[in-house]
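Here is the structure we will look at.
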Amino acid sequence: MGLFNVTHPAFFLLTGIPGLESSQIWLAGPLCVMYAVALGGKAVILQAVRVEPSLHEPMYYFLSLLSFSDVAMSMATLPTVLRTFCLNARNIDFHACLIQMFLIHSFSMMESGILLAMSFDRYVAICDPLRYATVLTNEVIAGMGLVVIARSFVTLFPLPFLIKRLPICRSNVLSHSYCLHPDMMKLACADITINSIYGLFVLISTFGMDLLCIFLSYVLILRSVMAIASHEERLKALNTCVAHILAVLAFYVPMIGVSTVHRFGKNAPRYIHVVLSNVYLFVPPVLNPLTYSAKTKEIRRAIVRVFHRIEM
């Protein structure tokens, strides 16, 4: 019990855009539009996959999991982001901040794992299409989903306790409009080596390995595609990967930017932290439904049929 008997603030203060606090109310509209696009787009995709028999395939099951993780991420951040930017209500209870931190990192890791599973789906579909139905059965897909979810929550379970053991007495002002582990641990007036090492270990062993495996899967996909004699068939095969590639870029580029600034950008202006953190927060959930709807004709047709049924 003594391990956690340290000084903690009753609440943290979240940060909007430094120097523009009086003008943040004007961001209410764009923020609400972004959340509406993210949540509405994902809800439509989930409904389309649920009711359309033609979408009961591995690729779309993984897309449903990706949509679920995006919705969960948006719901985890929506209360504090809107309160900070729209109402200028910056305070968040210490324990509520710990819960939000855990959920954000967990759902972020879940999305990384799902993107890896989707790259495996594309690899099997292109490199070994004859075995696609026998390799990616419903049982295999369910097992992969459970592993991704379990990995996320088990790996990040220690984070709240690693923060609780630290006395936080330097300040209670966070750099973002939501709670992140690197941001919180910097406020401690004690040795944060364990937190830093564990955070780096998680980053490399999960996100880093996921990204490496995704890269290797596309190396194999490209090698297989280049062996196809027909130019049209090559383009057709690659076109099935475009939406996934864009989703990978939309997720990993902002995440790498946020991680880099937190670890090496101590002297970077505060607005850089704010901009990157909000790009990391909003870009994947907003772009993913638009990307998959635009690049996947089966999704477009299913969405049209869903809305047609609603109108009837």
Summing -39500 (n - 2.57) over every DSSP H run of at least 4 residues in the chain and dividing by its residue count gives a helix-only mean residue ellipticity at 222 nm, to the nearest 500 deg cm²/dmol, of -24000 deg cm²/dmol
Partners for Lys42 among lysines (Cα-Cα distance below 19 Å; same-chain residues under 8 apart left out): Lys295, Lys297
Expressed per residue, the solvent accessible area of the stretch 23-178 in Å² (1.4 Å probe) is about 42
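What size of dipole, in debye to the nearest 20, comes out for the chain about its Cα centre when the only charges are +1 on Lys and Arg C-beta atoms and -1 on Asp and Glu C-beta atoms?
Values: 23 positive and 16 negative charges, 65 e Å.
That gives a dipole near 320 debye.
In whole percent, how big is the carbon plus sulfur part of the accessible area of the chain, probe 1.4 Å, protein atoms only? List each step's numbers first, then the result.
Working: 10910 of 15390 Å².
With neighbouring chains kept in place, the figure for the chain is 71 percent.
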In the stretch 34-135, if every C-alpha pair distance is counted and binned at 5 Å from zero, what percent goes to each bin? 2, 12, 16, 17, 17, 12, 9, 6, 4, 2, 1, 0
Between helix 58-86 and the chain: long-axis angle, C-alpha atoms, 0 to 90°, nearest 10: 30
Sorted by chain and then number, the residues having a modelled amide H within less than 5 Å of the amide H of Ala188, at least 5 places away or on another chain, are none
Once both axes come from the Cα atoms, what is the angle between helix 209-226 and the longest principal axis of the chain, in degrees from 0 to 90, rounded to 10? 20
Please list, ordered by chain and number, the residues whose modelled amide H lies under 5 Å from the amide H of Val173; skip anything fewer than 5 residues away on the same chain. Leu13
Note down the relative contact order for the stretch 156-268 as a percent, whole number, built from C-alpha pairs under 8 angstrom at least six residues apart. 18
Which whole-Hz ³J(HN,Hα) couplings does the stretch 288-302 yield from phi under the Karplus relation 6.51 cos²θ - 1.76 cosθ + 1.60, θ = phi - 60°, glycine and proline marked x? 4, x, 5, 5, 5, 5, 6, 9, 10, 5, 5, 5, 4, 5, 5
Using alpha carbons only, how many degrees (0 to 90, rounded to 10) separate the axis of helix 94-127 from the longest principal axis of the chain? 20
Which one, [x] 16.1; [y] 20.1; [z] 18.6, gives mean projected area of the Cα convex hull in nm² as derived from the coordinates shown? [z]
Once the Cβ-Cβ distance between Leu130 and Met75 is put in as r, and R0 is 30 Å, what FRET efficiency do you end up with, to the nearest 0.05? 0.15
Coordinate range along principal axes, alpha carbons of the stretch 55-190, Å, largest first: 60, 34, 20
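The values are calculated or read from the model by the stated rules, or taken from the named source; none is laboratory data. What you are looking at is a predicted structure, and each value in this text was computed from that prediction instead of being measured. Neighbour counts run over all protein chains shown; Cβ positions are idealised from the backbone, glycine included. Just the protein is used for accessible areas: all its heavy atoms, side chains included, with ligands, DNA and RNA removed. Shrake-Rupley method; radii C 1.70, N 1.55, O 1.52, S 1.80 Å.
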